[in-house]
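Here's the structure we're looking at; comments come further down.
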Amino acid sequence: MFTYRLELTNSCFGSFFPHLGRGLPLRHEGSTKPSKPFDFFGSECVDLALVVAAFVLAEIDQAWDRPGQDPPYLMVHYEPSSKQGAVTMSEFPISFTLEFPYTRTPGPVIGRFLTGLRDGRILGIRSGDRILCPPMEFDPDTCETLALDFVDVGPSGTVENWTWIAEPTSKHPIQEPFAFALVKLDGADTVMTHAVKASGPEAISTGMRVTAQFREERVGAVTDVYFVPEADAEKQSIEPGEGEVEITTHTISLPYTDTLYPHSARFAQGLLDGKFIGQRTRDGTVSFPGKGYDALARVVLTEADDVELPPVGTVLSYTTIAPIQYKGQTETEPYLTAIIILDGAGQTLTPQDIRNIPTDEFRVGMRLRAVFKPAAERDIDNVDNDWMYPSIGNVVDHWESSGEPDCPLDELPESV
Amino acid sequence: MAERCAVIGIGQTDFKTRLDLSMDGLVRWAALEALEDAGLTFDDIDAVVIGKAPDALEGVIMPELSLCDALGAIGKPIHRVHTAGSVGGSTAVSASTMIESGMYNTVLTVAYEKLSDGNFMWALSGGRSGGAGAGGSFAPWIRNYIRRSGAPDDIGCKVAAKDRRNGAKNPHSHVSQADLTPEVVAESPMIWDPIHFLEVCPSSDGAAAMVMTNAEGAKRSIQKPAWVISHAKRTEFGVFPGRDPVIPVAGMECARALYKKAGITDPRRQIDCAELYVPFSWFEPMWLETHLIAQPGEGWKMVETGATEIGGDFPVNMSGGVICSNPIGATGMLRLLEPVNQVRGTAGDYQVEGAKVALGQAFGGPNNYFAMWIVSSEPDPDFS
């Protein structure tokens, strides 16, 4: 289970490169953190906490819908807790919000169910001699495809069990304390998990009768409806909408905080100081940024293994990106990114933006020097433990020719 | 291994965007087709192995649990595999090991992606994520392949034109262009220099499925069995000092292990055709070298001479490959499924005449996960 979740972390970040190669375990051996924003299962691994949070959010996603969302994009934005000055462990964590709007094609069964909710009806489906609500595409006993034989159920039902949500988050379907309850609707043989508005936990009990109330604005989502005690229900007259619900939108957003590991904090401090701090691995090559461990020798690296690299390197390859104009695109003109290997480093930087050297003058083998921003303008907002590279672009103003002759092509390392 | 493994049923969906189906309906489509192909039902299946790429692509977490009824897995073991883009390949390989181990007699394996649910914009460069995107990340490596091998600039265009033309013979293709020429590819916009627009895979929906069984099951099969001769998976770190992502060591070692187990000493001669995971055209010559089919620096020559065309001496991506359809999780499985199609002789318009031994390969991540297998119409093919 942990393996699976850790992989989810990678994809949440959209950070393909260091993660996928890193393998398990992802425990960052030898690292400790003074503050732990999450502490699931006694783990010190923030990654794990993150994915548990993602898992919870995804569950919320099942029951939550936002109409009129922007078309999809992947966005990570940052609320820095530390812009300037010395990086100490206590100044982190840094807060992030990861957001991604998804769409769903609910298919012939759930689509009909959602259409029903929009139209003020709750539909179950016939499965043998039972009525399932919410309906399912396949018989949960035999896996056979169910015929599209829908039956109106409710709008009242019986609470089979419940839990009280004393402090709803902005993601909950009701923005005041409420109950999540298993409601068996009249006419149905199975229960539906849904929200019940009640004045307090003393006002809800197993066996109590509740009635569906439809919201004013309905979009074909499970949140078009909620439940109230039967006695509190108001008579509603619902005007059916048009067409079937064939596609729905769902935004997952995940706020989280990340506390830097010691080697990450030293790397971040280096950037603020205008220095590139890597770590020497056991075979003598330098990993930049350092990982806190030697991936090949499988040993922990400490401050004693830190190495400062010169801000000078060689272009190993590059590409010119013609930005595709999708919603959320921030680039409008073609731009050049280069893969640079710093002198003394054993591995390359991820593509660095080159905006000041014309494409027709750019070439593999060029010697470039990083020109840092003024100290007051350097920020490390987007340093996180897993993906430290992008922060280089936040401290380096630009790359310029070092004035040295090109590196001969046959002397370039093969690591691209 | 205790048992031999044979593929006796295959199924795949069309790979265009599917707004009519739920995710459940999509995987079930492929699963039912594979079962029908094998002449079996869910009742005959002992275990299900499912694979897909990151859950974040659709935002449905742990889908293997919510899909168990769609896959007939209620009351049976279901296993989930995940190795980034190579996952469809490693899922099929994992399923075959479950047969070989003797643990199960008949296994259903399924892989899928429904990319339209997530509108896969994070594969593109820039935007709010500020990332390099898939193309932006691979393009510099391709540039270095070209520099190191001395390949002519139009090799990628030739691969893309071949794959899109092949794809026009495959009724499942998402994108295909029956008359595409390298010249037209070269005239398409340069998106990630040196990658042109027409050298890039699409973003597809789809599922693929296979039914595997042991030698006893194969005897009863209504289909001609495709025997799994050997398989291999290899992994390396994505970033480490001294790594060569253009010709990754893991890719070479995966091929070495695969050929050794099969008894293959001259892959280009002893293998009749291959499906390779080529999401950007230039990966074809890169993989031909990585997987030891071509000599170092010479993969592009196989493209230039037409060896990788259907009718050439080593056809590659007869189905149109990833350049025509890329439902990511399913893509790797399709690379292993299409060789089955070939050695059974059921590949229709893109059949390689007389194919007896075929190679399937999938890769994932930044060129650091590999899954490969070799299948044959014969349980013990003679490679002499």
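The values are calculated or read from the model by the stated rules, or taken from the named source; none is laboratory data. These figures come from a predicted structure and were not determined experimentally. For neighbour counting, all protein chains shown are included, and Cβ atoms are generated from backbone atoms with ideal geometry for every residue, glycine included. Ligands, DNA and RNA are excluded from the accessible area calculation, which covers all protein heavy atoms including side chains. Shrake-Rupley method; radii C 1.70, N 1.55, O 1.52, S 1.80 Å.
The label-point distance for residue A:142 and residue B:265, in a model that sets each label 7 Å from Cα toward Cβ, rounds to 5.8 nm. Note on residue A:99/residue A:333: beta-carbon distance plugged into 1/(1 + (r/R0)^6) with R0 of 41 Å gives a FRET efficiency of 0.95. Between the range A:347-388 and the range A:399-413, the C-alpha centres lie 16 angstrom from each other.
For the peptide A:311-323, the mean number of other protein chain Cβ atoms found within 10 angstrom of a residue's Cβ is 6. Note on chain B: with a GNM built from Cα contacts shorter than 10 Å, the maximum mean-square fluctuation among B:337, B:292, B:124 falls on B:124.
Simple spin-label estimate for residue B:76 and residue A:409 gives 5.5 nm between the two label positions (7 Å along the Cα-to-Cβ direction from each Cα). Taken as Cα centroids, the range B:155-219 and the range A:294-345 sit 31 Å apart, rounded to the nearest whole angstrom. FRET efficiency for the residue A:326 to residue A:171 pair, using the beta carbon distance and R₀ = 25 Å, is estimated at 0.40.
Put the Cα centre of the range B:231-287 next to the Cα centre of the range B:295-328 and the gap is 14 Å.
Once the 1.4 Å probe is applied to the protein heavy atoms, the protein assembly as shown comes out at 37 Å² accessible per residue. Taking θ as phi - 60° and the Karplus parameters 6.51, -1.76 and 1.60, the scalar couplings of the range A:152-158 work out to 5, 10, x, x, 9, x, 10 Hz in sequence order, x denoting glycine and proline.
For the chain pair A and B, buried accessible area totals roughly 5900 Å², probe 1.4 Å, rounded to the nearest 100.
Note on the protein assembly as shown: with charges restricted to the Cβ of Lys and Arg (+1) and Asp and Glu (-1), its dipole about the Cα centre is near 1160 debye.
Among B:302-314, B:355-367, the peptide with the highest mean count of other Cβ atoms within 10 Å heads the list, and the full ranking is B:355-367, B:302-314. When the label point is put 7 Å from the Cα of residue B:353 along its Cα-to-beta-carbon vector, which residues of the range B:308-322 have a backbone N closer than 11 Å? Zone members listed by number: B:311-312. Working note: Karplus 6.51/-1.76/1.60 with θ = phi - 60° gives the range B:297-311 the couplings x, 10, x, 4, 5, 5, 5, 4, 8, x, 4, 8, 6, 4, x Hz, where Gly and Pro are set to x. In terms of the mean number of neighbouring beta-carbon atoms within 10 Å, the peptides A:274-281, A:212-219 order highest first as A:274-281, A:212-219. Once neighbouring chains are kept in place and the probe is 1.4 Å, which whole percent of the accessible area of the protein assembly as shown is contributed by carbon and sulfur? That share works out to 52 percent. In this calculation the C-beta distance from residue B:188 to residue A:308 is compared with R0 = 60 Å, giving a FRET efficiency of 0.85. A protection proxy built from the mean count of other Cβ atoms within 10 Å ranks the segments B:68-74, A:306-312, most packed first, as B:68-74, A:306-312.
Shape class for the protein assembly as shown: oblate, because the ratio a/c of the largest to smallest gyration tensor axis (alpha-carbon atoms, square roots of eigenvalues) is 1.5 or more and b/c is at least a/b. Cross-link partners for residue B:158 among the aspartates and glutamates, with Cα-Cα distance under 20 Å and sequence neighbours closer than 8 places in the same chain left out: B:179, B:183, B:187, B:193, B:199, B:275, B:284, B:289, B:298, B:304, B:309, B:313.
Using unit Cβ charges (K, R positive; D, E negative) and no other charged atoms, how large, in debye to the nearest 20, is the dipole of the range B:235-339 about its Cα centre? Charge dipole of the range B:235-339: 300 debye, to the nearest 20.
Under the simplified labelling scheme, the residue B:197-residue A:300 pair shows an inter-label distance of 5.4 nm, with each label point 7 Å from Cα along Cα→Cβ. Remark on chain B: hydrodynamic radius 20.3 angstrom, per the Kirkwood mean of 1/r across alpha carbon pairs.
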